[in-house]
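First comes the structure, then the notes that go with it.
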Amino acid sequence: MENSPWLSSLQALWQGEGAATYRLTLTVFATVFLAELGDKTQLATLLFAANGEVNKWLVFVGSALALILTSAIGTFAGALISQYISEKYLHYAAGVGFVLVGLWTLIKA
């Protein structure tokens, strides 16, 4: 079975020079996308959009800008913090934080 030109160019991009950049971008996208599914941000956006009197594009633009800003803050904060704390300990802290939020959610249920 012969690869299509599109698939061949995608494979070359994935394996060629700068492939690590594309893999990182895809990994970050997939991780954030999956983390955002069904979270409070998405539910809030859903509630705003459910209002029949609001412009859906304005809801989309407002929520997208908010996500861009929070992502920028997270990126810059991570870069700043990583200058003082090793990546290993940041992973530990993030893991503990997620567990604590999970426990808090279970206790409040």
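No value in this document is a laboratory result; all are computed from the given coordinates. Just so it is clear, the model here is predicted, and its values are computed rather than measured. Ideal geometry is used to build each Cβ from the backbone, glycine not excepted, and the neighbour counts take in all protein chains shown.
Approximating the spin labels as points 7 Å out from Cα along Cα→Cβ, the A109-to-E87 distance works out to 3.4 nm. Using the Cβ of A44 as centre and a radius below 15 Å, the other residues enclosed give a net charge of 0, where K and R count +1 and D and E count -1. With the simple model of a label 7 Å out from the Cα in the direction of the Cβ, L69 to T31 spans 2.5 nm. The reciprocal of the average 1/r between distinct C-alpha atoms defines the Kirkwood hydrodynamic radius, which for the stretch 40-109 equals 14.9 Å.
For F60 and Y22, the difference between the fully extended length at 0.36 nm per residue and the C-alpha to C-alpha distance is 11.1 nm. Phi-derived couplings, Karplus 6.51 cos²θ - 1.76 cosθ + 1.60 at θ = phi - 60°, listed residue by residue for the stretch 25-41: 4, 5, 5, 4, 4, 4, 5, 5, 4, 5, 5, 7, 4, x, 7, 4, 5 Hz, with x used for Gly and Pro.
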